[in-house]
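S.K.: Here it is, the structure, as structure tokens.
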Amino acid sequence: ETLQRIVSTLVNKNDEIHNFIDMLNHTISNVQVNSSNAISELDEEFDGLYSVLHEMKGSMANTIQQEEARKIQALQDQLSQCSRALESSEELLELAVQSLDIKNPVELLEAARQIKDSVTVASAFRLSLKPKVSDSMTHMMVDFALEKRMLQAVKFLPVPKAPEIDAAACLVADNCITVSWRMPEEDSRIDHFVLEYRKTNFDGLPRLKGEQRWELVDYIKATQYTLSGLKFDTKYMNLRVQACNKAVAGEYSDPVTLETKAFVFSLDSTSSHLNLKVEDTYVEWDPTGGKGQEKIKGKENKNRSNTASPKRSTNSPRASARGGRDRFAGESYTVLGDTAVESGQHYWEVRAQKDCKSYSVGVTYRNPGKFDQLGKTNSSWCIHINNWLQTTFSAKHNNKAKTLDIPVPDRIGVYCDFDGGQLSFYNANSKALLHTFRTKFTQPLLPGFMIWCGGLTVSTGLQVPSAVKTLQKSENGLGGSTSSLNNVA
């Protein structure tokens, strides 16, 4: 025995080393891939910088060309004005020279008067003989000395440190997981966080082999996040967080594993009534199924064949563990869950279709009679809703019924405290208590469901809601109310 323990320990250690080697090889591969990605991203950044500089150069060169064109156009306009004024002045000068040859004093005086008037209004005397624009282009010069120093100072952006998940502050409740973390030191450049999680059946560190892929939640601004609407169909969940700045993401935090154990079951189609159509966690009334099967069965019985009546299949591990059982028959339109409650506190919910005429939700000991109906035996407890003609709502046990004078919710929560001997039903939306049975359970319990004309959907893998826990503590603290249907089995 000692040697076997040593060998077992060695085998476990070998498995751990193999897993660690796989992890190291995987890490080496990731280093190579990530290094290549980093170089590609660096090329993209520099290409982007070159593109920005090239675009800026083109824009600034275009501005210089526009300024050149503006100045030249202004100088050409001024040149044209000067040319026209000079031409007019030369014509006037030629006329004045010709006037000097006039001998008649009267004509000379008239010519002189005309020349004088023309000179007074001549454009040559209104011209500014100073260029309108300067030939200097110094205002279009640039100095990239500061930018050069900035570019020369460019370094790899500091990588954020790995966050630290505060396992004590993490909470698993109400089908949610709240994860809290902190940075090892203050970092004002953190832009957001990334949370990754995956379900697992291993309570230790994440394993490389046989694990589900990580699910990602990106762009978390706070240092806390709540994953809601979860189905806890595995025992644990791995979680890890990384911090990101504007350009780079840091290392992931050390992963933590939170226990998410919850009661998970499916509907046992092999024992359901022939008038029920069962698919995993959904059961629906099928008015044709039973008739066809009963005709075939009646014909077979009449012919006295050796074919046995429909029994539970023992192909699945759960079925073989429970053994064979006849299908429900007669007016017991019932189907059971395929997993028994043997200890602990568990919670599941049931939603009925709006047109459902009659249904029951409860629990029963194993191996009920095939004609037994929920709540009509001393080994089953349920609440029953009847929408035929008028709506009635009641709690049933041992063939006794207690009317519940409250509205029927569209979703019903079932809370079973096996060790505490308590079965409670809740409005799953408001968590208001509908009814509580108190007893001492002496056998494992199977979830049970009766349906007639309609369908039921069962939700499992749920955590006991905190509101239900609070109500249970309050009720237990006050001693609780004793129902006439409660018994000690």
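S.K.: The stretch 111-161 to the stretch 92-106: how many Å between their Cα centroids?
M.R.: A separation of 47 Å, based on Cα centres.
S.K.: I'd like the accessible area for TRP452: 1.4 Å probe, protein heavy atoms, all chains in place, Å² to the nearest 10.
M.R.: 80 Å²
S.K.: Run the numbers on the chain and let me know its relative contact order in percent, using alpha-carbon pairs under 8 Å that are six or more apart.
M.R.: Dividing the mean separation by the residue count of the chain yields 12 percent.
S.K.: What aspartates and glutamates sit close enough to LYS13 to cross-link, taking a C-alpha to C-alpha distance under 16 Å and skipping anything fewer than 8 places away on the same chain?
M.R.: ASP22
S.K.: Same structure again: Rounded to whole Hz and in sequence order, give me ³J(HN,Hα) for the stretch 349-363 from the Karplus expression 6.51 cos²θ - 1.76 cosθ + 1.60, θ = phi - 60°, writing x for Gly and Pro.
M.R.: So the Karplus estimates, Gly and Pro as x, are 10, 9, 10, 9, 5, 5, 8, 5, 7, 7, 7, 10, 9, x, 9 Hz.
S.K.: Would you rank MET237, MET140 by solvent-accessible area, highest first, keeping every protein chain in place and using a 1.4 Å probe?
M.R.: Heavy-atom accessible area, descending, gives MET140, MET237.
S.K.: Find how many whole Å separate the alpha carbon centroid of the stretch 169-199 from the alpha carbon centroid of the stretch 434-453.
M.R.: Here the two parts' Cα centres lie 39 Å apart.
S.K.: Still on this structure, I have one more. How many lysine pairs in the stretch 164-259, separated by 8 or more positions in sequence or lying on different chains, have Cα atoms less than 19 Å apart?
M.R.: Going through the stretch 164-259 pair by pair, I get 5.
S.K.: What list of ³J(HN,Hα) values in whole Hz, one per residue of the stretch 152-169 in order, does the Karplus curve 6.51 cos²θ - 1.76 cosθ + 1.60 (θ = phi - 60°) give from phi, with Gly and Pro shown as x?
M.R.: 5, 8, 5, 9, 4, 5, x, 7, x, 6, 6, x, 10, 6, 8, 4, 5, 8
S.K.: What residues qualify as long-range amide H neighbours of PHE263, i.e. H under 5 Å apart, gap of 5 or more or another chain, H built at 1.01 Å from N?
M.R.: Amide H to amide H, under 5 Å and 5 or more residues apart or across chains, PHE263 pairs with TYR347, GLY461, LEU462.
S.K.: Which far-off residues, 5 or more places away or on another chain, put their amide H under 5 Å from the one on LEU434, with H placed in the peptide plane?
M.R.: It is PHE425, TYR426, ASN427, by chain and number.
S.K.: Right, something else. Can you check what the net charge comes to around ILE385, using other residues whose Cβ is under 15 Å from the Cβ of ILE385 (Lys, Arg +1; Asp, Glu -1)?
M.R.: Taking every other residue near ILE385 into account, the sum is +2.
S.K.: According to a simple spin-label model (label point 7 Å from Cα along Cα-to-Cβ), what is the distance in nm between CYS453 and GLN224?
M.R.: Label at GLN224, label at CYS453, 5.0 nm between them.
S.K.: Of VAL97, GLN66, GLN78, which is farthest on the positive side of the dipole of the stretch 63-107, counting Cα position, with +1 on Lys and Arg Cβ, -1 on Asp and Glu Cβ, and the Cα centre as origin?
M.R.: GLN66
S.K.: Using the heavy atoms of the protein chains and a 1.4 angstrom probe, tell me the accessible area per residue for the chain in square angstrom.
M.R.: Each residue of the chain exposes 62 Å² on average to a 1.4 Å probe.
S.K.: So, one more: Mind ordering 263-269, 352-358, 68-74, 34-40 by average Cβ neighbours within 10 Å, highest first?
M.R.: 263-269, 352-358, 68-74, 34-40
S.K.: Through the Karplus equation 6.51 cos²θ - 1.76 cosθ + 1.60, θ set to phi - 60°, convert the phi angles of the stretch 446-463 into ³J(HN,Hα) values in whole Hz; use x for Gly and Pro.
M.R.: Karplus-based 3J(HN,Hα) across the stretch 446-463 equals 10, x, x, 9, 10, 9, 9, 6, x, x, 10, 10, 9, 10, 10, x, 9, 6 Hz.
S.K.: Turning to a different aspect of this structure: Given 10 °C and 1.306 mPa s, how large is the Stokes-Einstein diffusion coefficient of the stretch 39-134 in µm²/s, with Rh as the Kirkwood radius over Cα pairs?
M.R.: 86 µm²/s
S.K.: Quote to one decimal, in nm, the extra length available between LEU171 and CYS82 on full extension: 0.36 nm per residue of separation minus the C-alpha distance between them.
M.R.: Between LEU171 and CYS82, full extension yields an extra 23.1 nm.
S.K.: Going by amide H atoms built from the backbone, whose H comes under 5 Å of the H on SER253, apart from near neighbours?
M.R.: Under 5 Å from the amide H of SER253 lie the amide H atoms of VAL241, GLN242, each far enough along the sequence or on another chain.
S.K.: Roughly how many percent of the accessible protein surface of the chain is carbon and sulfur, given a 1.4 Å probe and a whole-percent answer?
M.R.: Looking at the chain in its full context, I get 53 percent from C and S.
S.K.: Give the distance, in whole Å, between the Cα centre of the stretch 257-282 and the Cα centre of the stretch 332-374.
M.R.: 10 Å
S.K.: Calculate the spin-label point distance for PHE20 paired with ILE115, positioning each point 7 Å from the Cα along the beta-carbon direction, and give it in nanometres.
M.R.: Using points 7 Å along Cα→Cβ, the separation is 11.7 nm.
S.K.: Let me ask something else about it. I need the calculated FRET efficiency for the pair THR403 and SER474, taking r as the beta carbon distance and R₀ as 25 Å, to the nearest 0.05.
M.R.: The calculated FRET efficiency here is 0.55.
S.K.: Determine the gain in length on full extension of the stretch LEU42-LEU93; use 0.36 nm per residue of separation and subtract their C-alpha separation, reporting nm with one decimal.
M.R.: Between LEU42 and LEU93, full extension yields 10.8 nm more.
S.K.: Between GLU68 and PHE156, what is the FRET efficiency for a Förster distance of 56 Å, r being their Cβ-Cβ separation, to the nearest 0.05?
M.R.: So the FRET efficiency works out to roughly 0.85.
S.K.: Counting each pair of different Cα atoms once, what's the Kirkwood radius of the chain in Å, rounded to one decimal?
M.R.: After inverting the pairwise mean of 1/r, the radius is 31.6 Å.
The values are calculated or read from the model by the stated rules, or taken from the named source; none is laboratory data. What you see is a predicted model; the values in this text were computed from it and never measured. Counting neighbours? That spans all protein chains shown, and the Cβs are built from the backbone with ideal geometry, glycine included. These area figures cover heavy atoms from the full protein model, side chains too; ligands, DNA and RNA do not enter into them. Shrake-Rupley method; radii C 1.70, N 1.55, O 1.52, S 1.80 Å.
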